[in-house]
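The values are calculated or read from the model by the stated rules, or taken from the named source; none is laboratory data. Everything numeric in this text was worked out from a predicted model, so none of it was measured. In this analysis, Cβ positions are derived from the backbone assuming ideal geometry, glycine residues included, and neighbour counts consider all displayed protein chains. Note: accessible area is taken over every heavy atom of the protein model, side chains too, but ligands, DNA and RNA are not part of it. Shrake-Rupley method; radii C 1.70, N 1.55, O 1.52, S 1.80 Å.
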Amino acid sequence: MHPCKVGSAWKIQASAKLNLYLEILGPRADGFHALETLMVPVQLYDQLFYWPDNRLPLSLQVRDLRPGRRQLDQLGCDKENLVVRAARLLADSAGIAPFGRFDLVKRIPVRAGMGGGSSDAAAALQLANVAWGLGYTRQQLQPLAAELGSDVPFFLESTAAICRGRGEQVQPVVGLPRLHFVIATPPEGLSTAEVFGEARKFDYSESMVSDSQTKIAKLVAALQCGAIAEAASGMTNRLEDAATRLAPWLTQIRAIFRRAGCIAQFLTGSGSAYVGLARSAIHARQTAGKLRNLQTERGLGHVLATSSW
C-alpha cells in the first residue's frame, strides 16, 4: 500500500485483510479486549484518490462498487468517516489546516471483518502525509493510526503480521506463501460490539496467553515451511462461536465450504465474512463459481475468490 502520483492527484490501494488466527485473551480495563491475531492482506481493495488543492476545504466522495450497489455519495466532511477523521487527525498533529478532495472507490464489504474502513484510514494517513509534504515516518504515523482504530496500524505495514494488545502492537511476519481463498459475505453484517459482547461470556484463563503464543508460533512456522495442511488445522477464530450464536447461518456456510473441498474454514475478524482456504488459485476460482449458484438458495450472499499478497 504505497502512494503514487497520477497527474495532479495521488492514489493508493487499500487492501482488505483476513485473520488466519484470532484469540481473545480477556477484557481490558479500557473496555477493549486483549487479543492475538495473525492477519494477511489480500488482493481485494478499495482505491483512494486525493487532489491536494489548497483552495478546497477538505471533502470526500464515495463511489460504491460493492456487489449490488452503484451509487455515488457526497459525504462532505462527516466527522464519523474514517478517511476524513484520519486526514483531520494528521493535520492537527502537523499543526496545519486540512484541505483537498478525497475520492474513495469502495469494493471491500462493510461489517464483514475484512478491515475496509481501517484500511481506508491508513491509506488516507499515507496519502495526506505525502501530498502535504509532511515527511512523517511510518513509526510517527503508527500512534495516529492506533488512535483511529485497532486494525489501522496493521495496514500501514502492507505485509502479514501478528498483532497484539487491542491490535495496535504490530509484528510483521515474512516468508509466508501466497494463499488462496474463497470468501462468502452474507447479506447481513455483524456488529463488532455485539460479537465481542457475546464473547464476554467465554471463560478466560491465565494460561491462555502462553497457549496462544505457542499456537500462533506453530501456525507461522508451518506456513513458512509450506506445510499448508498442518497450518490449516491451526487457523481458528475465538469469535466464531460468539458470531455463530448471533448468526446461526454461519454453521451452514461452514458445512458448504467443507463439502467444497476447502482445507480450512474460518470466520475473519468479527464477521460476517466466512473464509475457505483453497488448495490453489484454480480451486478457489472454481469453488467460488460453483458457490455463486447457491447464493440465493443458501443465503451465501456475495462469493469471491482472492489471494494473499
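If you go through region 222-243, how many residues are open to solvent by 20 Å² or more (accessible area, probe 1.4 Å), in contact with a helix residue (DSSP H, G or I) (Cβ under 6 Å, 6 or more places away or on another chain), free of Cβ contacts under 8 Å to residues at least 60 places away in the same chain and under 26 Å from Ala34 (Cα atoms)? Number satisfying all stated conditions: 0. Contact map, region 156-175: first residue modelled with pLDDT of 95 or more, second residue of a type in the set (Phe, Trp, Tyr) and open to solvent by less than 50 Å² (accessible area, probe 1.4 Å), Cβ cut-off under 8 Å, separation 6 or more or different chains; pairs are Ala161/Phe154; Cys163/Phe154; Val170/Phe154.
Across region 34-82, which residue is nearest to Val170 (Cα to Cα) among those that are out of contact with any strand residue (DSSP E or B) (no Cβ under 9 Å at 6 or more places or on another chain) and modelled with pLDDT under 90? Here the answer is Glu80.
Yes/no per residue for (1) small (Gly, Ala, Ser); (2) modelled with pLDDT of 90 or more; (3) more than 26 Å from Gly117 (Cα to Cα):
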{"position": "Ala221", "(1), (2), (3)": "yes, yes, yes"}
{"position": "Cys225", "(1), (2), (3)": "no, yes, yes"}
{"position": "Gly234", "(1), (2), (3)": "yes, yes, yes"}
{"position": "Ala242", "(1), (2), (3)": "yes, yes, no"}
{"position": "Val275", "(1), (2), (3)": "no, yes, no"}
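Scanning region 31-43 for residues that are open to solvent by 30 Å² or more (accessible area, probe 1.4 Å) and in contact (Cβ under 8 Å) with a residue 24 or more places away in the chain turns up Phe32, Gln43. Determine, yes or no, whether Trp309 is open to solvent by 10 Å² or more (accessible area, probe 1.4 Å), among the aromatic types (Phe, Trp, Tyr) and closer than 12 Å to Pro186 by Cβ. So Trp309 does not fit the description; no.
Regarding Pro187, is this residue surrounded by fewer than 19 Cβ atoms within 10 Å (Cβ to Cβ) and closer than 25 Å to Ile253 by Cβ? Yes. Apart from one condition, Trp249 fits all of (1) aromatic (Phe, Trp, Tyr); (2) more than 23 Å from Ser119 (Cβ to Cβ); (3) modelled with pLDDT of 95 or more; the exception is (3).
To keep it simple, each residue is scored yes or no on (1) over 26 Å from Asp211 (Cβ atoms); (2) β-branched (Val, Ile, Thr); (3) out of contact with any Lys or Arg (no Cβ under 7 Å at 6 or more places or on another chain).
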position: Ala243; (1), (2), (3): no, no, yes
position: Leu267; (1), (2), (3): no, no, yes
position: Ala278; (1), (2), (3): yes, no, yes
position: Ile282; (1), (2), (3): yes, yes, yes
position: Leu291; (1), (2), (3): yes, no, yes
position: Thr306; (1), (2), (3): yes, yes, yes
position: Trp309; (1), (2), (3): yes, no, yes
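Among the residues of region 192-220, those identified as hydrophobic (A, V, I, L, M, F, W, C) and either touching a residue at least 40 places away in the same chain (Cβ under 8 Å) or buried (at least 16 other Cβ atoms within 10 Å of the Cβ) (or both) are Val195, Phe196, Ala199, Phe202, Met208, Val209, Ile216, Leu219, Val220.
Here are the criteria: (1) assigned to a helix (DSSP H, G or I); (2) open to solvent by 40 Å² or more (accessible area, probe 1.4 Å); (3) over 18 Å from Ala112 (Cβ atoms). Tell me which single one Gly289 does not satisfy. Only one criterion in (1) assigned to a helix (DSSP H, G or I); (2) open to solvent by 40 Å² or more (accessible area, probe 1.4 Å); (3) over 18 Å from Ala112 (Cβ atoms) is unmet by Gly289, namely (2). May I ask you to verify whether Asp120 is under 20 Å from Arg88 (Cβ atoms), among the acidic types (Asp, Glu) and either assigned to a helix (DSSP H, G or I) or open to solvent by 40 Å² or more (accessible area, probe 1.4 Å) (or both)? So Asp120 passes the test.
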